[in-house]
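Written out below as structure tokens is the structure these notes cover.
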Amino acid sequence: MPEQLQGQVAIITGSSSGIGAAIAQCMAAAGAKVVVNYVRSSKGAEEVVGEIEAAGGKAIAVQCDVSQEDQVLNLFAQTYAAFGTVDILVNNAGLQRDAKFVDMTLDDWNWVINVNLTGQFLCSREAAKEFIKRGVVSECSCAAGKIICISSVHEVIPWGGHCNYAASKGGVRLLMQSMAQELAPHKIRVNSIAPGAIKTPINRSAWETPEAFNDLLSLIPYNRIGVPEDIGKAAVWLASDDSDYVHGEVLFVDGGMTLYPGFATGG
Ligand code: NAD
């Protein structure tokens, strides 16, 4: 059986660490040529590229701040220079800048919205232009291109102390669905993955002490924290033709966090 993403090119934003790094590795293992995007230090991205190459895959590292239009254009230009086209975009770059609502500065708000939401818009627009221009390459995929938005359970679970983050992910939900509606006639598939608690640098404070970790587990019916590979495997499936009829959907990969665990024994 051929590898699921053989002959395809994938850009994964923010893939020098955490979930993005795992998606890059899983997609490379499935046969894709991978663009590993980083924003500041190239160290993590070079490690990911090295691991992919050591396993026999192809990858390059490209610097880009996804909230900056000129840098996004350059990310795609560098992708085309190295690999000729793009078939899969994973909008993974994201960050938190937490504050109590009344203490949240405009800078806190804008920074998170610019990276988590505007960054997904800018990258998706460039990918969609290329998918429309190139069309379906039937030896590679039934679709002309695939966009996967990394959202969060906080696109549906309100999150005090993180209003900017929850608003950005709620925005990703309707950005994804609206793109899916508009781009479907071009055979472009658009979906989201909404992770629950995945052990990465972004949420260190939620798992690094035993007390915090136990509090976290009480929110997860399946009773384990997620690992980045949980999202990597889901992303490979959503990018592959195995999910060809899945479009405009949010795949929650959260150990049941969105099942309102507080109601398990009462309510
Ligand atoms: P992470 O901090 O390891 O990864 C985020 C990545 O985004 C980093 O590599 C960072 O350098 C990059 N980034 C930040 N600003 C950027 C910018 N302006 N341009 C390009 N890249 C930028 O954390 P993670 O948990 O791997 O997060 C990945 C995604 O998953 C984020 O969108 C996050 O919101 C989402 N998510 C994570 C969890 C979790 O529990 N870890 C849960 C739900 C959603």
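Once Lys and Arg get +1 and Asp and Glu get -1 on their Cβ, which of L259, G160, N74 lies farthest toward the positive end of the dipole of the chain?
Going by the Cα projections, it comes out as N74.
Hey, any idea what % of region 205-264's accessible area is carbon plus sulfur with a 1.4 Å probe?
On the way: 2110 of 3600 Å².
Accessible surface attributable to carbon and sulfur in region 205-264 totals 59 percent.
Checking the cross-link filter: which aspartates and glutamates have an alpha carbon closer than 16 Å to that of K100, excluding same-chain neighbours under 8 positions apart?
D108
Once the convex hull of the C-alpha atoms of region 9-263 is built, how many Å³ does it hold per residue, rounded to a whole number? Mind dumping the intermediate values first?
On the way: hull volume 33.3 nm³, N = 255.
Residue-normalised Cα hull volume stands at 131 Å³.
Pick from S218, S152, S138: which residue has the top mean-square fluctuation in a GNM of the chain where Cα pairs under 10 Å get a spring?
S138
State the answer as a single residue: which of T105, V190, V137 lies farthest towards the positive end of the charge dipole of the chain, with beta carbon charges of +1 for Lys and Arg and -1 for Asp and Glu, about the Cα centre.
So the residue furthest toward the plus end is V137.
What do you reckon, how do E139, E211 stack up by accessible area (1.4 Å probe), largest on top? Intermediate results must be reported in sequence, preceding the final value.
On the way: E139 150, E211 125 Å².
Per-residue accessible area, sorted high to low, gives E139, E211.
Of A128, I52, I19, whose Cα points farthest to the positive end of the dipole of the chain (charges on the beta-carbon: +1 Lys, Arg; -1 Asp, Glu; origin at the Cα centre)?
Final value for the positive-end residue is A128.
Under 20 Å between alpha carbons: how many lysine pairs meet that in region 109-199, if sequence neighbours fewer than 8 apart on the same chain are excluded?
Numbers: K129/K146; K129/K187; K133/K146; K133/K187; K146/K169; K146/K187; K169/K199.
Here the count comes out as 7.
Please compute the per residue accessible area over region 47-163 with all protein chains in place, 1.4 Å probe, rounded to a whole number of Å².
With all protein chains present, region 47-163 gives 46 Å² per residue.
Quick one: accessible surface of T265, probe radius 1.4 Å, all protein chains present, in square angstrom to the nearest 10.
140
Any idea how far apart V246 and S205 come out in nm if each label point goes 7 Å out from Cα toward Cβ?
For V246 paired with S205, the spin-label model returns 3.3 nm.
What is the dipole size for region 202-267, taken about its Cα centre, with +1 at each Lys and Arg Cβ and -1 at each Asp and Glu Cβ, in debye to the nearest 20?
Here region 202-267 has a charge dipole of around 240 debye.
Tell me which aspartates and glutamates have Cα within less than 14 Å of K43's Cα, excluding those fewer than 8 residues away on the same chain?
Here the aspartates and glutamates satisfying the reach criterion relative to K43 are E51.
With a 1.4 Å probe and all protein chains kept in place, how much accessible area does E51 have, in Å² rounded to the nearest 10?
100
Taking amide hydrogens as modeled 1.01 Å from N in the peptide plane, which residues meet the under 5 Å criterion relative to Q63, leaving out close sequence neighbours?
Y38
For the chain, return all DSSP H helices satisfying: extent of Cα atoms along own axis at least 27 Å; mean Kyte-Doolittle hydropathy at least -0.5. Walk me through the numbers on the way to the answer.
On the way: long enough: 163-183 (29 Å, 0.06).
Flagged H segments are 163-183.
So if I place +1 on the C-beta of Lys and Arg and -1 on the C-beta of Asp and Glu, and nothing else carries charge, what would the dipole magnitude of the chain be about its Cα centre? I want it in debye, nearest 20. Don't jump to the answer; show the numbers that get you there.
Working: 19 positive and 28 negative charges, 61 e Å.
So the dipole magnitude of the chain works out to roughly 300 debye.
Return the sequence-ordered ³J(HN,Hα) values of region 253-267 in whole Hz as given by the Karplus equation 6.51 cos²θ - 1.76 cosθ + 1.60 applied to θ = phi - 60°, using x for Gly and Pro.
Rounded to whole hertz, the list is 10, 9, x, x, 4, 8, 8, 6, x, x, 8, 4, 10, x, x.
Pulled fully out, how much extra length does the chain show between E3 and K187, if you take 0.36 nm times their separation in residues and subtract their Cα-Cα distance? Spell out each step's value before the answer.
On the way: separation 184, 0.36 × 184 = 66.24 nm, distance 2.15 nm.
So the chain would gain 64.1 nm between E3 and K187.
In nm, to one decimal, how far is the E229 label point from the E47 one, both placed 7 Å along Cα→Cβ?
Roughly 1.7 nm, to one decimal.
The values are calculated or read from the model by the stated rules, or taken from the named source; none is laboratory data. Being a predicted model, the structure only gives us computed values, none of them experimental. No Cβ is skipped: glycine too gets one built from the backbone with ideal geometry, and neighbour counts run over all protein chains shown. Please note that ligands, DNA and RNA were not included when accessible areas were found on the heavy atoms of the full protein model with its side chains. Shrake-Rupley method; radii C 1.70, N 1.55, O 1.52, S 1.80 Å.
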